[in-house]
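Shown next, in structure tokens, is the structure this report addresses.
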Amino acid sequence: MGENNYAKELDVAVRVVHMACSLCQRVQEGLVSSIGNDHVKSKDDESLVTVADWSVQATVSLMLSESFSNQKVSIVAEEDVQTLSKSDSVGLLTAVVNTVNECLAEAPKYGLQSPKEALGTSQILEAISRCNSTGGRTGRHWVLDPVDGTLGFVRGEQYAVALALIEEGKVLIGVLGCPNYPRKKEWLNHHHQSYQSMPKISDTSDTWEKGCVLYAQRGSGEAWMQPLIHGNKKHTWSNSAQRVQVSAIDDPALATFCEPVEKANTNHSFSAGVAHSMGLKKQPLRVHSMVKYAAIAQGDAEIFMKFAQSGYKEKIWDHAAGVIIVEEAGGVVTDAGGHPLDFSRGLYLEGLDRGIVACSGTTLHEKLIGAVYASWESSNL
Ligand SMILES: Nc1ncnc2c1ncn2[C@@H]1O[C@H](COP(=O)(O)OS(=O)(=O)O)[C@@H](OP(=O)(O)O)[C@H]1O
Ligand SMILES: [Mg+2]
Ligand SMILES: [Mg+2]
Ligand SMILES: [Mg+2]
């Protein structure tokens, strides 16, 4: 692919994810500070969804349609309007409409255009439900996880906004917003400390305390990080991106591995066995969301493993953006059998062998795949 063929797509995607991060920060501050609020709902599978998940999906859908109005924009995204359209969800829907309009009004701060007037409920519901593409091996599809790690989001911890572009089944662009990504990697581990209580930047200071957007384009061999733009109204868009690269550590004894927080989402005891077998010495870094991919891409951790229960099918929006960013930053991502992930088969990563592993380099990756084989055999004896 020619290097600049996707320049506009990448530029718009980065700006939209910045907008979405700002939206999420505002909603998270409200959630963490108010007790017993009704802006969090359980879906049919008992997972959570919040005002932020729907509002980000609506905002991204609207901004992509606006920016690429000459094309039919196909979006694969996590949320639908089922819960939101129920008769007891009026308050929730009002909150979504207000949150989206507030966010859209800020578009000029990010160099994008706001709609001329505030949007109504039906336009916003339509924007959310329009994201019902199923992807596949042909054509161009945006892939969106509006809030990844919704549990982390609700707990005031780590979460991400993930947007990717897939064409002919290949991920070409990945943008990952990590609004609570700390300036010091040690703070990634602060499960019990609310991120809201971290030091806040003063409006006059340029000091970056937390939050970033990572992005990469396929084949560029480069991944980039921009600090989030903070509340200061005078502080508007500028391209302050810094290049990021994976860690150079290839000694398992010095490597940090990360994994999901919840034992429902991965097999902690299996990964502990793999870790032991390949000689990892440090305690696992348990962090919600695709922030785990961000940590690998920026060199703050070396390994990510996720082994979901058999029968669970990994969704493309939980991985697309993170995988391309890690790869372009110099890392390796495969299934647990060492095969590349296949984003061309619709909503799910079909044919996935046991789990997903990401490493900062091939030395650790080879050791990890070897350890998975050894541990798998012994765990199935
Ligand atoms: N049973 C099961 N097994 C494996 N994975 C599952 C499962 N259920 C959900 N999910 C997906 O996991 C996404 C959250 O992953 P995390 O790494 O953030 O998990 S954790 O909160 O740290 O435990 C989460 O993404 P979000 O829904 O966007 O938060 C889900 O897509
Ligand atoms: Mg979810
Ligand atoms: Mg997700
Ligand atoms: Mg999500």
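The values are calculated or read from the model by the stated rules, or taken from the named source; none is laboratory data. Since this is a predicted model, take the numbers as computed values, not measurements. Every residue, glycine among them, receives a Cβ derived from its backbone with ideal geometry; neighbour counts consider all protein chains shown. Side chains are part of the model used for accessible areas, which takes the heavy atoms of the whole protein and leaves out ligands, DNA and RNA. Shrake-Rupley method; radii C 1.70, N 1.55, O 1.52, S 1.80 Å.
Ratio of alpha-carbon Rg to the 2.2 N^0.38 Å globular estimate for the chain, to two decimals, please. Numbers along the way, then the final one.
On the way: Rg = 19.8 Å, N = 381, 2.2 N^0.38 = 21.0 Å.
In units of the 2.2 N^0.38 Å rule of thumb, it is 0.94.
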Taking R0 as 35 Å and r as the Cβ-Cβ distance between Asp250 and Asn132, the FRET efficiency 1/(1 + (r/R0)^6), rounded to the nearest 0.05, comes to 0.20
Do the sum for the chain: with -39,500 (n - 2.57) for every DSSP H run of n ≥ 4, divided by all residues, what is the mean residue ellipticity at 222 nm, to the nearest 500 deg cm²/dmol? -10000 deg cm²/dmol
Express the Stokes-Einstein translational diffusion coefficient of the range 252-379 in µm² s⁻¹, to the nearest whole number, given a Kirkwood radius over alpha-carbon pairs, 25 °C and a viscosity of 0.890 mPa s. 172 µm²/s
Whole-number accessible area per residue in Å² for the chain, which is evaluated in the context of all protein chains at 1.4 Å: 43 Å²
Give, rounded to the nearest 20 debye, the magnitude of the charge dipole that the chain has about its Cα centre when Lys and Arg contribute +1 at Cβ and Asp and Glu contribute -1 at Cβ. 460 debye
Residue by residue through the range 310-315, what is 3J(HN,Hα) from phi via Karplus (6.51 cos²θ - 1.76 cosθ + 1.60, θ = phi - 60°)? Round to whole Hz and write x for glycine and proline. 5, x, 7, 9, 5, 8
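Quick one: which of 287-299, 99-111 comes out on top by average Cβ neighbours within 10 Å, and what's the full order, highest first? Show your work: numbers first, answer last.
Values: 287-299: 27.3, 99-111: 18.3.
In decreasing order of mean packing, 287-299, 99-111 become 287-299, 99-111.
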Separation between the Ser47 and His276 pseudo-spin-labels, each 7 Å from Cα along Cα→Cβ, expressed in nm? 3.1 nm
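Which entries of Lys8/Lys116; Lys170/Lys367; Lys282/Lys315; Lys185/Lys306; Lys41/Lys86; Lys41/Lys263 have Cα-Cα distances beyond 19 Å here? Mind dumping the intermediate values first?
Details: Lys8/Lys116 23 Å; Lys170/Lys367 27 Å; Lys282/Lys315 29 Å; Lys185/Lys306 21 Å; Lys41/Lys86 12 Å; Lys41/Lys263 21 Å.
From Lys8/Lys116; Lys170/Lys367; Lys282/Lys315; Lys185/Lys306; Lys41/Lys86; Lys41/Lys263, over 19 Å: Lys8/Lys116; Lys170/Lys367; Lys282/Lys315; Lys185/Lys306; Lys41/Lys263.
Would you mind calculating the relative contact order of the range 252-379 from Cα pairs under 8 angstrom and at least 6 residues apart, reporting the percent as a whole number?
Details: 228 pairs, mean separation 36.6, N = 128.
Across the range 252-379, relative contact order equals 29 percent.
Could you work out the relative contact order of the range 76-160? I mean the mean sequence separation of Cα pairs under 8 Å and 6+ apart, divided by the number of residues, in percent. Write out the running numbers ahead of the final one.
On the way: 65 pairs, mean separation 32.2, N = 85.
Computed value for the range 76-160: 38 percent relative contact order.
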Dividing the mean separation of Cα pairs under 8 Å (6+ apart) by the residue count of the chain yields a relative contact order in percent of 16 percent
Along the range 136-152, what does the Karplus equation 6.51 cos²θ - 1.76 cosθ + 1.60 (θ = phi - 60°) give for ³J(HN,Hα), rounded to whole Hz, x for Gly and Pro? x, 7, 10, x, 10, 9, 7, 10, 10, 10, x, 9, 9, x, 4, 5, x
Sorted by chain and then number, the residues having a modelled amide H within less than 5 Å of the amide H of Thr266, at least 5 places away or on another chain, are none
Whole-Hz Karplus ³J(HN,Hα) for the range 330-347, in order, using 6.51 cos²θ - 1.76 cosθ + 1.60 and θ = phi - 60°, x for Gly and Pro? x, x, 10, 10, 8, 7, 6, x, x, 8, x, 6, 9, 8, 9, 10, x, 5
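Treat the range 43-124 as a sphere of radius equal to its Kirkwood radius over Cα pairs and apply Stokes-Einstein at 20 °C in a medium of 1.002 mPa s; give the translational diffusion coefficient in µm²/s, rounded to a whole number.
On the way: Rh = 13.7 Å.
For these conditions, the coefficient is 157 µm²/s.
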